[in-house]
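Following: one structure in structure tokens, then a few remarks.
Read the figures in this text as sums done on the coordinates, not as results from a lab. Quick caveat, the model's predicted, so the values are computed rather than measured. Cβ: placed from backbone, ideal geometry, glycine included. Neighbour counts: every protein chain shown.
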Amino acid sequence: MAACKSCDADIIWATSARSGKPMPFDATPVTHDRGVFAIVKGAASKYTPEDAKLHRDRYTCHFATCPNADQHRNPR
Ligand SMILES: [Zn+2]
């Protein structure tokens with residue numbers, strides 16, 4: 001488990017299937033379907049009906065929920 005550097009929320013890192021880059025996700029799974037991802041073996045991909053069938057947890061990208069999201073976008 002990791003923590004966000006700007007808001008201290010618990011996050012988990014997973015590699016985006018689309019970009020191949022590591023992305024932070026909220027550590028707590030959500031129950032809605034909007035913009036959610038499935039994380040399997042450290043790889044994050046868009047949540048699909050297949051994932052639902054397998055009862056995988058839904059995760060949201062922390063960029064979307066971080067109160068300090070702006071800080072993430074600026075390279076230090
Ligand atoms: Zn944050």
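Could you work out the relative contact order of segment 7-68, using alpha carbon pairs under 8 angstrom and six or more residues apart, expressed as a whole percent? It rounds to 36 percent for segment 7-68.
Between VAL30, HIS55, GLY42, the Cα set farthest toward the positive side of the dipole of segment 18-59 (charges on each charged residue's Cβ, about the Cα centre) is that of GLY42. Of all DSSP bridge pairs formed entirely within the chain, close to 90 percent run antiparallel. Of the residues MET23, MET1, the one with the fewest other Cβ atoms within 10 Å heads the list, and the complete ranking is MET1, MET23.
Phi-derived couplings, Karplus 6.51 cos²θ - 1.76 cosθ + 1.60 at θ = phi - 60°, listed residue by residue for segment 39-53: 10, 10, 6, x, 10, 9, 9, 3, 5, 10, x, 4, 4, 5, 4 Hz, with x used for Gly and Pro.
Can you count the Lys pairs in the chain with C-alpha separation below 19 Å, eight or more apart or on different chains?
4
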